[in-house]
Structure formats: structure tokens, C-alpha cells
Amino acid sequence: MNISQAQGLRQLIGWLTAALLFTALACLADALAAGFKGETRILQGIPGSTLPINAPLPPGAESITEIRVLGGDDRVTLVPEEVYTGFWLGGTMWRGSVTVSPDARPGTWTLTLEGPPLAEKPKGMLPIIFTVTVHEDAMAQQKASASIITRHSGHEPFAVSALLAGLALPGGLAGFMLSRRIEQLLTLEGKAIVYMVKKSEEGTRATFSLGSEHGLAPGMAIRFVNQAGQQTGIGRVVESQLTDSTATITSGSCAMGDLAVLPDFEGGVPRQG
């Protein structure tokens, strides 16, 4: 694989990876937007389904046995099951389930949770209300989803986002490996991509991946060309390590992504004399 082929393949993989990541972000945004539009206390179900729920204890209740469920009937029932400590903010929470009977018809049920009738209720706290909408079947429930992804595919947007992000990882790794290969091929031609340009008191300095093992040393001249092969500037090496060097621009200019070219390069090292 030559440099041109490697660069073309890297660009293609880069576009594919970017498309996957962009789509993953779009799915994540859809999931978050659906979360805002469909509150956690608005439940969707079909006949015969069981919907898990959780919430803080209602005002005035100190245990799960003191929770009163108002509303519902023999077709839609809410049953608190156990208490637990909240993960993020602590405090006492409870979890339970809403059961929809197999013969339930489409409609909406409102379930209100309160504490004991005579219990003192903290000021400003409102009853906990769950709204349960029963759809005719799974397709009707899917079409009513707040998520665009779910409405059109039937899959949860968070899961789709995670899958796409996972698929993008090999592309990122392949792009990295191709960049390393391109760097190796450029080195064989006495060239290296300028990966840093910054201004200093001595002038503009460019850093690139050619060093003492390639025959460079402080004081040597270096040419800079753009991706089209046109010379943009001349520099003088001021610092050279094993695989990297820094040169001060003495004439012309240099930008990140330009190529540093060894003068009189032949056979992997600069010609002497």
C-alpha cells in the first residue's frame, strides 16, 4: 500500500467513523428528548404487561405499608413491593409494578399515591401521580413512543446509540493504524507531517517526526511543502531528538499538516556534502 492509497483509505474510514459517531449522538439526543417529553411517571403498556416503577415515598408515609393507592381498578393495578435507598441523592425510595390485565381495553388510568390520611404532610410536597396508558397492541405502543428511533425501529435509542458508538471504535483504531503507516511511508521518503506550529521569541517554530535517527541535527536546513508539493517555507533545525525535531522558520511560512522535507534526501538518510 502506497501513501496515496493509505491516505484514501484513512479518509474513507474517517468519514464512516464520523457518520457512526454523529448518528450515535443523534440517537442519544433523541433518547434525552424522549425522556423530557415522556416523564418517568407516564407509563405505556399493552394488555397483559407488567411495568416496573419506582418513586420516593409519598408525603406523610414512612414505610411501604403506609402507601395508599387511589385510582385504578381490576384491569390496572399498582403494587408497591419494597423500599431501597436512592442511588444519587440517598433517601428512602420504593419500587413496585403496575400490572395490566390481559382483558384491559385501550385507555388511560390515573393512579395517585398518598400517605396515611391523618399523617402530617411536609409543606409544599404534592401527591405522587402515575398515568398509565394502555395501547391496543405492541405496534400501537411503539407508534405512540416519545422517541423517534423507537417509533420507526422499535428499539430503545440508548441501546442504538451504544451500539453505533461501539461500531465506531474499530474505525478509530483502523484510522490510527493507517496514520502510523502513512508516517512510516513518509519517513522512507524523507518527509514528515508537521504536527505543531507555535510562535516564540525566536520566531515561528514547527515540530515534525524526523529526528537524529534520520540524520537531522541542529543547524541543518529543512524545507516545508504543502500537500500539493509546493514549497511554502524554509527552516533551520534548533532542536533534534531521536525521532522528532523542531525548526525555526527562516523564510516563507509553515502550517500544521504541511510536510517537512529533508534536503538532498536519498536512500533513507540525507546525502552528505
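Remarks
- For LYS191, a cut-off of 19 angstrom between C-alpha atoms picks up these aspartates and glutamates, skipping any fewer than 8 places away in its own chain: GLU183, GLU213, GLU239, ASP244, ASP258, ASP264, GLU266.
- Solvent-accessible area of HIS152, all protein chains in place: 150 Å² (probe radius 1.4 Å, heavy atoms, ligands and nucleic acids excluded).
- Rounded to the nearest 10 degrees, the inclination of helix 157-188 to the longest alpha-carbon principal axis of the chain is 10 degrees.
- Relative contact order of the chain: 18 percent, from C-alpha pairs under 8 Å at least 6 residues apart in sequence.
- D_trans [Stokes-Einstein, Kirkwood Rh over alpha-carbon pairs] for the stretch 111-191, 4 °C, 1.567 mPa s, µm² s⁻¹: 69 µm²/s
- Computed over protein heavy atoms with a 1.4 Å probe, the carbon and sulfur contribution to the accessible area of the chain reaches 59%.
- The chain - accessible surface per residue (Å², probe 1.4 Å): 60 Å²
- Distance from the stretch 1-79 to the stretch 163-240 (C-alpha centre basis), Å: 44 Å
- Both radii come from the Cα set of the chain: Rg as radius of gyration, Rh as Kirkwood radius; their ratio Rg/Rh reads 1.33.
- With respect to the chain, whose longest principal axis is taken over its alpha-carbon atoms, helix 3-37 is tilted by about 20°.
- Solvent-accessible surface (1.4 angstrom probe) belonging to ARG95, in square angstrom, nearest 10: 90 Å²
- Computed label-point distance, nm, for sites LEU16 and HIS155 using a 7 Å Cα→Cβ extension: 1.7 nm
- In the chain, a dipole from Cβ-located charges (positive for Lys and Arg, negative for Asp and Glu) runs towards its positive end, and of THR133, VAL160, TYR195 it is TYR195 whose Cα lies farthest in that direction.
- For the chain, the 222 nm mean residue ellipticity estimated from helices alone, with every DSSP H stretch of n ≥ 4 adding -39500 (n - 2.57) and the total spread over all residues, rounds to -10000 deg cm²/dmol.
The values are calculated or read from the model by the stated rules, or taken from the named source; none is laboratory data. Remember, it's a predicted structure, so these values are computed and weren't measured experimentally. Cβ: placed from backbone, ideal geometry, glycine included. Neighbour counts: every protein chain shown. Quick note on the areas: whole protein, heavy atoms, side chains included, nothing else; ligands and nucleic acids left out. Shrake-Rupley method; radii C 1.70, N 1.55, O 1.52, S 1.80 Å.
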